[in-house]
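The values are calculated or read from the model by the stated rules, or taken from the named source; none is laboratory data. Fair warning: this is a prediction, and the values are worked out from it, not measured in the lab. Reconstructed Cβ throughout: ideal geometry from the backbone, glycine too, with neighbour counts over all protein chains shown. The area values use the complete protein model at the heavy-atom level, side chains included, leaving out ligands, DNA and RNA. Shrake-Rupley method; radii C 1.70, N 1.55, O 1.52, S 1.80 Å.
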Amino acid sequence: MTTILKDYVDQAKRVVVFTGAGISTESGIPDFRSPGGLWTQNKPIYFQDFMASEAMRVEAWQRKFNMDDTFTNAQPNAGHMAIARLVQSGKVTSVITQNIDNLHQDSGIPDERIVELHGNTTYAKCLDCSTRHEIEFVRAGFEQAGTPPPCSKCGGILKTATISFGQSMPEEEMLRAEAATLACDLFIAIGSSLVVYPAAGFPIIAKQNGAALIIINREETELDEIADLVLNTEAGPTLSALLPHN
Ligand code: NAD
Ligand code: ZN
């Protein structure tokens, strides 16, 4: 099956890679929907609830600090590195990710090739003035006061720079993702259950626009039936097999 994958990639001119939490499980970051995944441990906090009460903001930041060792110690794995090589060679034009872990950047892919649909959890942003704040700043204030500190510039609410359920999607990223999707002739979705919209709409747009669609995911996904090829395999080894030395 991986030789068929390689044929698709070899024949394509412009490939878009679309990733979900499954690309990062081999780096030690649990996904949402696998057994024992984050979803089963904590129900997500909706944006409206985060805004509505300080208790929820305390809860959200406490969870973030509890998870932080996992995120800060994680390194890009073989799957991330293989994608980085394919970007470097010019084969992959864009990496659209639902992940918030910064591992595609850490693998050496330039920012202009990455579209983060759901933001980034490795820093915080003020919800009023958008000023970036480091997690350490928030953590120090939180440990002192028991609540997250306000924005040092305008006094606004600080939140990790992620997009929560109920929060509007980032406009520029949505436009960049759409442009890349419409320009590709092969779209590869990797490690995503493809149930979270609007993100999961991109593979559909690619397919409708005439691109081939490949899904690489340990389990079945919602969009398997429209895919040209489905590989129920581990992301890291599958992507490594695409590199020239293999
Ligand atoms: P998901 O948890 O819904 O789906 C992940 C899929 O990846 C599952 O179907 C699972 O079978 C598969 N998978 C897990 N490990 C794999 C591997 N090594 N190889 C191949 N497949 C593997 O994730 P999603 O679709 O990305 O949606 C979850 C949402 O949660 C996203 O919006 C994302 O923002 C967020 N999230 C991000 C991270 C992260 O940044 N690493 C982690 C958890 C959740
Ligand atoms: Zn501010």
Checklist entry - What are the residues in the stretch 125-134 that are more than 8 Å from ligand 2 (Cβ to nearest atom) and in a loop (DSSP other than H, G, I, E, B), if any? => result Glu134
Next on the checklist: Looking at the stretch 1-30, I want the residues that are hydroxyl-bearing (Ser, Thr, Tyr) and have a partner that is away from ligand 1 (no atom under 16 Å from the Cβ) with Cβ atoms under 9 Å, at least 6 apart or on another chain. Which pairs are those?
Outcome noted: Thr2/Asn246; Tyr8/Val15; Tyr8/Leu186; Tyr8/Ala212; Tyr8/Asp228
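Just one of Ile29, Ile23, Ile45 is more than 9 Å from ligand 1 (Cβ to nearest atom) and open to solvent by less than 80 Å² (accessible area, probe 1.4 Å); which is it?
Result of the check over Ile29, Ile23, Ile45: Ile45.
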Item to check | Set Phe32, Phe71: member being more than 16 Å from ligand 2 (Cβ to nearest atom) and in contact with a strand residue (DSSP E or B) (Cβ under 9 Å, 6 or more places away or on another chain) | outcome: Phe71
Checklist outcome for this item: Scanning the stretch 220-246 for residues that are more than 23 Å from Glu178 (Cβ to Cβ) and under 18 Å from the mean Cα position of the chain (by Cα) gives Glu234, Ala235, Gly236, Leu239
Item to check | Matching residues, the stretch 177-203, being charged (D, E, K, R) and farther than 29 Å from Glu234 by Cβ | outcome: Glu178
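Residues that are out of contact with any Lys or Arg (no Cβ under 8 Å at 6 or more places or on another chain) and small (Gly, Ala, Ser): list the helices (runs of 4 or more DSSP H) wholly contained in the stretch 19-105 that include at least 1 such residues.
Correct list: 47-52, 54-73, 78-88.
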Checklist entry - When only residues in the stretch 135-161 that are in contact (Cβ under 8 Å) with a residue 60 or more places away in the chain and in a loop (DSSP other than H, G, I, E, B) count, which is farthest from ligand 2 (Cβ to nearest atom)? => result Gly146
Next on the checklist: For the stretch 152-163, check the following and say yes or no: at least one residue is open to solvent by 50 Å² or more (accessible area, probe 1.4 Å) and more than 23 Å from Thr122 (Cα to Cα).
Outcome noted: no
Item to check | Subset of the stretch 96-137 [in the same structural domain as Ser192 (by TED's automatic domain parsing) and either modelled with pLDDT under 95 or exposed (fewer than 15 other Cβ atoms within 10 Å of the Cβ) (or both)] | outcome: Gly108, Pro110, Asp111, Glu112
Checklist entry - Does Val15 satisfy the criteria of being assigned by TED's automatic domain parsing to the domain that holds Thr97 and either hydrophobic (A, V, I, L, M, F, W, C) or surrounded by 19 or more Cβ atoms within 10 Å (Cβ to Cβ) (or both)? => result yes
